[in-house]
Amino acid sequence: MTKKIKNQPLYLEIKEKLKYKILTWNYVKGYEFPSERDIAKEYHVSRMTAKKALNLLENEGYIYRIQGKGSFLHHSNLSNKIDIGDKSALGLHETVELIGKKGTSKVLSFNKTQGPQEVIEYFDNTTNDFYELKRLRLVDNNPFCFQITYLSYLDFIDAERYDFSIFSIYDFLDIHNSIPQKFRKELTTIYPNQEILNLLNIEKNSCIFLLIYIGLDSNDKTIEVTYSYFNPNLVRFTYSTNLK
């Protein structure tokens, strides 16, 4: 779910919630969007607030409005998006290639550091020392994902010998016979800090996807933790399941 920013105007909050639905639900071209009256009723706001939210969505190109008929989803927002959800076994590079686009990666920094408390807990408090790798992932030269990867310093002391602009994390772990045998993923939405907004080239107060990947060995020991911050204008998450 989206998180509320303190003192944010109500119409911006409603706009972000509606935008979240557009970016994460399986809408199709021409989908008739809820009316001002419906939005006002659903979110318990005035019609003026609902109208302002719809105006912003129209200005950003997510919907188009036909006088006397209503608001409709603009098809360009869902076409050619990178669909992450059901491709859990694939890396980002392979996922991008599936839609016929060119994916590249830019290393921003690689350092030995003291890990944030949350990361330390993902590693079951076994270490405070980590290698931190920051990368910007691009599709057709447009930034769609900012990633921060943490590896235990004690497990990979020689990591500084590797050039991660050439080696992928997967290749590095493969060389060290440490490919995760299990993984867990946590998906949420956040309002990112200014650094991430700038890197992903998105506007202030935008709500984005955060996917946390925890790679484990066969004994449930954490090998890798990666935070992936996704540009919602270029990425969507679709999941499917079979009900028996």
* Structure fact -> Taking the range 134-244, the equivalent ellipsoid from its C-alpha gyration tensor has semi-axes in Å, biggest first, of 26, 20, 12
* Show the residues, 5+ positions off or on another chain, whose built amide H is closer than 5 Å to the amide H of I63. => E58, H74
* Determine the sum of side-chain charges near L57: Lys and Arg each +1, Asp and Glu each -1, restricted to other residues whose C-beta is under 9 angstrom from that of L57. => 0
* To do: For the range 99-178, state what percent of all Cα-Cα pairs lands in each successive 5 Å bin, counting from 0 Å until the bin that includes the largest distance.
  => 3, 14, 23, 21, 19, 11, 6, 2, 0
* Among R161, R184, which comes first, second and so on when ranked by fewest other beta-carbon atoms within 10 Å? -> R161, R184
* Asked: In the neighborhood of F167, defined by Cβ-to-Cβ distances under 13 Å, what is the net charge if each Lys or Arg adds +1 and each Asp or Glu adds -1?
  -> -3
* Once you've got the Cα coordinates, tell me which of K41/K134; K134/K204; K21/K134; K21/K185 are over 32 Å apart. => K41/K134
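A short reminder: the numbers here are calculations on the coordinates, not readings from a lab. Every value quoted in this text rests on a predicted model; they were computed, and no experiment measured them. Counting neighbours? That spans all protein chains shown, and the Cβs are built from the backbone with ideal geometry, glycine included.
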